1. Residues that are of a type in the set (Phe, Trp, Tyr) and either within 32 Å of the chain's Cα centre (by Cα) or surrounded by fewer than 17 Cβ atoms within 10 Å (Cβ to Cβ) (or both): list the strands (runs of 3 or more DSSP E) wholly contained in segment 148-263 that include at least 2 such residues.
2. Please give the number of the condition PHE416 fails out of (1) surrounded by fewer than 16 Cβ atoms within 10 Å (Cβ to Cβ); (2) without any contact (Cβ under 8 Å) to a residue 24 or more places away in the chain.
3. Within segment 80-97, can one find any residue that is within 30 Å of PRO294 (Cβ to Cβ), among the charged types (D, E, K, R) and out of contact with any strand residue (DSSP E or B) (no Cβ under 7 Å at 6 or more places or on another chain)?
4. With the structure loaded, tell me whether VAL36 is hydrophobic (A, V, I, L, M, F, W, C), out of contact with any helix residue (DSSP H, G or I) (no Cβ under 6 Å at 6 or more places or on another chain) and not assigned by TED's automatic domain parsing to the domain that holds GLU345 or whether it fails that test.
5. Only one of (1) assigned to a strand (DSSP E or B); (2) in contact (Cβ under 8 Å) with a residue 12 or more places away in the chain; (3) loosely packed, with under 15 Cβ neighbours inside 10 Å is not met by GLY313, so which one is it?
6. I'm trying to understand the selection: among the residues of segment 342-360, which are touching a residue at least 24 places away in the same chain (Cβ under 8 Å) and not polar (S, T, N, Q)?
7. Within segment 118-125, is even one residue within 27 Å of the chain's Cα centre (by Cα), in a strand (DSSP E or B) and surrounded by 16 or more Cβ atoms within 10 Å (Cβ to Cβ)?
Amino acid sequence: MNIIYQFLTFLFVLGIIVLVHEFGHYVAARLMKIRVEVFSFGFGKRLFGKKIGATDFRVSLFPLGGYVRMAGEEEYDPQNPRPDEFMAKNRAQKIFTLLLGPIMNIVLAFVILTIINLNGVEKEKYRFESPRLGYVVKDSPAAKADLRCGDLIVSINNQRIKNWEELEYMTHTRVKDVFQIVYQREGKQSQTHLTVSSQPYYEIGYAGWYYGFKTRIDAIEPGSPAERAGLKPDDEIVAINQQPVYFMQITDVIEVNANKQIELSILRLKNKLNLTVVPEMKNNRGKIGVSLKPIGPTMIVRYGFFRSLSESGKSLVNMTTILFQVLRKMIVGKISVKSFSGPIEIARISQQALESGFSNFFMLIAFISLQLGIINLFPIPGLDGGHLLIFTIEAIIRRDLNQKLKTVMIYAGFAFLISLMVFIILNDIAKTLPNGWQSIFPFLR
């Protein structure tokens, strides 16, 4: 039942994004007086639909995308062109028709973010607090810069930092940048330099400084050391071996104490308890079999109309910056394409986002829509950007490229995209299996 729920949620997310994208192409085609033969949600065999005017609006067998088929796009006779065919239009009209699809995805993301900001978005209160460091990871860039718990970040590169939201934004978007930091410790201001590295999985900027989040147990594995010790979901961990701990510290402390008895101080319904647990060794690290989540008070933040537009613009820039950083690192081999998520993973994330509230759910739709809009502009044959590249080259050389060459380029692009999609789907499946890719291909052992 859960799989069906995830699948339906995924279809809803994909449906909105694809329909908006293809609607952009459809509107542009109609404006350019191009006849649209098919408007399809999904690929493959036609399941059902309705013909309105010259256009067959349909739902097709495989709901992993969609397309608009314009007259003259696939079959075109240059000797007998019809004025309502795509290839009969000038290059500017073709480029406009192709551009409006990705642009509509970016506009959709902007509109969703603006509505969320107007309606009110739930944010953690710590984001608006002064950026006083609650935890500094050992051997992190912050630790190497001699920053410590309790230090207050005053400015970075002569730009005043007023709260944690500004600090995190600057850190996440400045991979490999060198920060000149002014900080305050025990009432005295000092300076240091910090080189931002990248976070291993998400590949965004990483400094190793965190707010001092409290920690709550989210779930416990059956038969685990945590269950045997008497820990329960919603217990708040406040100390380990009588030392106060924050969210980011707990996993580190447990991992280095495999097969050693440790004392956890917890709060359960406002009652303080001390429980002992022995982490078991798994993958050379201590584990007690719990999933943890940070806890802290939240607040609803509502913006006026113009501030909402501004905040939405900032969010788009931030998300776009992170996307390009991840793609750049993938190209140079610093991260694996295994970190990408396909339809199975997106379905799972969509379900979680929906269960956490409509704001988070539509925030996810905005994020995916923005990604689709930007990636579709990449100059890869088979994508809108690939066609734009061909038309741009033709505009520069002032003649059409050889039709056979264009056909080969497009088929090669489709082959690459299909191969990438198959890989990403298999990667999604591998993430759910105990031995990952080795479960699919045993010879990888």
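The values are calculated or read from the model by the stated rules, or taken from the named source; none is laboratory data. In this text, all values refer to a predicted model and were calculated from it rather than measured experimentally. Here the Cβ positions follow ideal geometry from the backbone for every residue, glycine too, while neighbour counts run over all protein chains shown.
1. Details: elements: 152-156, 178-185, 188-195, 214-220, 236-240.
Passing ranges, in order: 178-185.
2. PHE416 satisfies all of (1) surrounded by fewer than 16 Cβ atoms within 10 Å (Cβ to Cβ); (2) without any contact (Cβ under 8 Å) to a residue 24 or more places away in the chain except (2).
3. Residues of segment 80-97 within 30 Å of PRO294 (Cβ to Cβ): none.
Checked against the condition, which is being within 30 Å of PRO294 (Cβ to Cβ), among the charged types (D, E, K, R) and out of contact with any strand residue (DSSP E or B) (no Cβ under 7 Å at 6 or more places or on another chain), segment 80-97 yields no hits at all.
4. no
5. Checking GLY313 against (1) assigned to a strand (DSSP E or B); (2) in contact (Cβ under 8 Å) with a residue 12 or more places away in the chain; (3) loosely packed, with under 15 Cβ neighbours inside 10 Å, the one that fails is (1).
6. Correct list: GLY342, PRO343, ILE344, GLU345, ILE346, ALA347, ARG348, LEU354, GLY357.
7. Here is the first cut: in segment 118-125, the residues within 27 Å of the chain's Cα centre (by Cα) are 118-125.
Within this subset, residues satisfying the condition of being in a strand (DSSP E or B) are 121-124.
Filter again for surrounded by 16 or more Cβ atoms within 10 Å (Cβ to Cβ), leaving 121, 124.
Within segment 118-125, one or more residues are within 27 Å of the chain's Cα centre (by Cα), in a strand (DSSP E or B) and surrounded by 16 or more Cβ atoms within 10 Å (Cβ to Cβ).
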